[in-house]
Every structure is written in structure tokens, then in C-alpha cells.
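See structure below.
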Amino acid sequence: TIKGWVNTRRDHGKIVFIDLRDRTGVVQVVCTEAAKDLRSEFVVSVTGLVKARPEKLINKNLPTGTIEIEAQEIEVISQSEELPFDMGKEVLDVELPTLLDYRALTLRHPRVQAIFKVQEVVIDAFRQALKARDFMEFQAPCITPAVAEGGAEVFRVQYFEHEAYLSQSPQLYKSLLVGDFERVFSVNKIFRAEPSVTTRHLTEVVSLDAEFGFIESWLDVLEMQEYVVRFIFGQVEKKCAKELELYGATLPKLADKIPHIKLREAQEIIYKRTGRDCRQEKDLSPEDEREICRWSRQERGSDLVFVSHFITKEKPFYICPDPEDPTYVLSVDLIGRGVEWSSGGQRLNDYQQILKNAKEWGVKEEDVELYLQSFRYGVPPLGGFALGAERMTMHILGLKNIREASLFPRDMERIDVRLNR
RNA sequence: GGGGCUGUAGCGCAGUUGGUUAGCGCGUCUCCCUGUCACGGAGAAGGUCGCGGGUUCGAGUCCCGUCAGCCCCGCCA
């Protein structure tokens, strides 16, 4: 007896073929006319005999193509309504809004499922990589007391008779915890109320965060980041060959060492290559990021490139300025395939300096009280980084829109269903 | 917030310089088929062309407005 969903039905009159699907794959069931009433996505229980197919009837395109099941009895367990689109195609031919409007159904398609198998491996590999380096996993809070960092917009929530916010980053908590556990990481949801309607932004994101103490320099953070990314790629390559093939995807090519350049060097390179002068800009634009990726690929043989030394004033108060030139910070973004994959850097660990910076940045002491407490009682030099799980998944598979890489994407216009209907 | 593009059957699309009955593929329904595996064959149903207004003898097509969607830019520790 085998139970599963009807993938497709091929009716030949006296003989009917059913492709039966369950979590392990698809197998062909040979039925009599009794199967005439079965439709796509019906859940059925088939009792019958597993038989080897005659040589001529072997389907080489199907992993189970050498066998088939001769049905003796078929019981319908659950019926399905008529499908809104064709699920039998190798590639679901629907537009993004349809893909998401029918999410419960589209997630049954093997090519859609592949996305989330890759994502699972990415997240699992992140955990493995850090546990192997003696990091401890922690659960970050989602409700936070105040907006401690400028920058990204935050969601406000009613918290009894008080106001609270949804966490836009576990940053302060993971840094704080370095004072307690030395090496920590978390896999957690973060929330951003940016009014951004783009192919790479979501309001609810899975963030892969790591932070550790006793670093000799910010380069230790960069190395740890590189180790983790390489480990993740290795696991995806090993465990997701089938999924990568479905998308014709290849993992980013990495040089022996991922090249690393400073923001100003990157801008100089872009100026020399394109004549576009962005040397005074405070950050790389999307086009700049694409150009620097082209450079990295051509000149250094690497699809990924670290860009460091962003402008101190543009970064949060806790980032460590470069002692050699405090205009720039010891923070680093990992850029690949034209977009940002992760960002990290060295943080301040000197209590007085953090206090001073907080004041300068306009951060109220009382809003970061718990964070500051940690640094009053001794914290080693520290740093860390964060990767976006959806962005990694998206760019590993070459998806066009990040919403495809989120099971239930939230954006300005959608929470499960479209908000403007 | 700025710009570009799109909106035609359940889904994906075509529709010429404005012209009389708006098409195609898939899916759905009926019938035929014992070897298909995206089965095949015959037939059928299914549309106020996003919505509102205008120009015109006549609008899916042109104009204005509006709503929705997609993409780019901006915003984005």
C-alpha cells in the first residue's frame, strides 16, 4: 500500500496511468478504468504490486522509471478542487502574484520545493559551521524596548500600556552575549519597515547572526565570515546537487582567498573602469556593486568580494573606527553577484568610547541600558557578521525576486494575501 | 518618494493603420483509445478586454482620470 497525491493522470481508456507523488518522489501506478475519476492533487491510497517494467517501457527520466505499481485497489482519501493552473509542468508558468496568491499549492511543485531545501541546507550549514568553532546558539528577542540605531525604519507594536518595537537586528544582544558566552550565533527573524518595493527587500527576514570575542583584529571577523560562507557553499554543493541542477545554478566561484578592498579603492576601480565618478559617495550604489563584482570576477577570479572601511558617520554607534583613520570603520560587506550577501565588522568594546559615541550619534543611554551594562563589566575586543538567509538562497539559485526565496514573504503590499484588494 | 512598463477566459499569452462574430496554448467538461510518462485524437463550455469618463458612425486598440501589478532608482546596522 502506498499513499500520496495524484500528480498527473494519463487516461488510455481501458488502462489509466497515475503518477503518484509523496515526500520521497514520484512513481507510476497502472490502473484500470476505476481510476477514471481521479484528478490532480487527490490524495489516494493505492494497494497493489510493485513490478519491474519490461525493458521497452523503462522511463529513464524518472528515478523510479524501472518499476511501476499495478493497482488492485484505490481509495480516495481526500479530493481536490480544480487547479487554478497547470502543476504538471517542469517549470510553473505563473507570475509572481499568482505564485504567492496560491502559496499553499505552489509549494507542492518540485521546483519550488527545491528553493526551500537549499534554504534549509544553508541554515543548517551555518549552524554546523559555527558549532564546529565552538559558538553557542541563542534565541534573540523580537520585542525590543527602543529604537537604538538610526537607519532602518522599525515596526512599532502596542505593548500593554507601553510602546515597543520589533527587532530589526539582534546586534546589541549578540554583542552583549559575547561578554557572557564568548562565542554566540543565532538564526532569527528580523523586521524592517523600510518603504522599499524592490526585488531584494522583505519586511520579515531570516537573519544568520554570529559574534565572537578575543579577536586580534577585524581581519579575524573577515576570516570567520569567509570560513562560514565557504562551509555553506560546500554543504549546498554536496547536498543540493539535484536542486542546483533544476535551476541550472552553479555556486559562486571563489578564489583561494576572497579578495578584499576598501570602499575608496572600490570607487577608484569603478572610476578607472567606467569613468563614472562615485569617489565622493558614502556607499556603493547597486550599479557600483555590480561593477565591482565584474572586476572581482575578471581580475581576481572570485564571484565574491569583501568591501571594507565604510564611512564612520554612516554606520551605527557601536562599530569600531579604524585607528589609522577614524573617518572609516572596520566594517566589511561581502558582495557577490551584484548584491550584498553579508555585513560585519569589529565593534567597540571600550565602555567610555561606546558612551561617547552613543552621545554623538544621538542614542539615548537609557535606550541601550542593558547593552551598556555588559561593557561596564569587561568585554574583550569583539566582532561579528550577519547573513540574510533569503538573499543567500536567492543568489545561489539565481532567483529574480527575493519573494520566491521566502515561504510566506511579507512586503509592503502583502501579508499572506494582498493588502490592497 | 521619482521614473518606465503592463492589465484581454482559471493560468500563460496574441490581437495589424480604430472596423462589424476578440483569438492561441495549457487547464476544465463530454466522447474515443491497453503502454503512456508534458500521452494522443474528436468536440464543448468559459470574456462587459481592470474600472470610470471622453474622442469617433464605430474603441481591446486613441486621449484623460483612477485602481492594481511588475521592473529600475532612491530609502535600506
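Observations
- Cα gyration tensor shape of the stretch A:160-261, rounded if a/c is under 1.5, else prolate or oblate by comparing a/b with b/c: oblate
- Between A:ARG279 and A:SER217, full extension at 0.36 nm per residue minus the direct alpha carbon distance yields a gain of 19.6 nm.
- Relative to the dominant Cα principal axis of chain A, helix A:218-239 is inclined by about 0°.
- When each of A:TYR318, A:TYR377 is scored by the number of other beta-carbon atoms lying within 10 Å, the sequence from fewest to most is A:TYR377, A:TYR318.
- Backbone geometry of the stretch A:21-38 corresponds, through the Karplus equation with coefficients 6.51, -1.76 and 1.60 at θ = phi - 60°, to 3J(HN,Hα) couplings of 10, 9, 5, 8, x, 10, 9, 7, 10, 9, 10, 8, 4, 4, 8, 4, 8, 6 Hz, x marking Gly and Pro.
- Computed [θ] at 222 nm, deg cm²/dmol, chain A (DSSP H ≥ 4; -39,500 (n - 2.57); rounded to nearest 500): -9500 deg cm²/dmol
- Cα→Cβ-extended label distance, 7 Å offset, between A:HIS12 and A:PHE160, nm: 7.1 nm
- Principal-axis analysis of the Cα atoms of chain A puts helix A:110-132 at an angle of about 40° to the longest axis.
- Amide H contacts for A:GLU137 (H built 1.01 Å from N in the peptide plane; partners 5 or more residues away or on another chain; cut-off under 5 Å): A:PHE185.
- By definition, a body whose alpha carbon gyration tensor gives a ≥ b ≥ c is oblate when a/c is 1.5 or more and a/b is not larger than b/c, and the stretch A:82-190 fits this oblate description.
- Rounded if a/c under 1.5, otherwise prolate or oblate - the stretch A:185-341, Cα gyration tensor axes: rounded
- The residues A:ILE311, A:ILE319, when put in order of fewest to most other Cβ atoms within 10 Å, stand as A:ILE311, A:ILE319.
- Label positions at A:ALA241 and A:GLN128, each projected 7 Å from the Cα along the C-beta direction, are separated by 1.5 nm.
- Spread of Cα-to-Cα distances over 10 Å intervals beginning at zero, given as percent, for chain A: 4, 18, 25, 22, 14, 9, 6, 1, 0
- One Cα centroid belongs to the stretch A:327-392, the other to the stretch A:276-293; the line between them spans 23 Å.
Each value in this text was obtained by applying a stated rule to the coordinates, not by laboratory testing. Because the structure is a prediction, the values reported are computed rather than measured. Backbone-built Cβ (ideal geometry, glycine too); neighbour counts: all protein chains shown.
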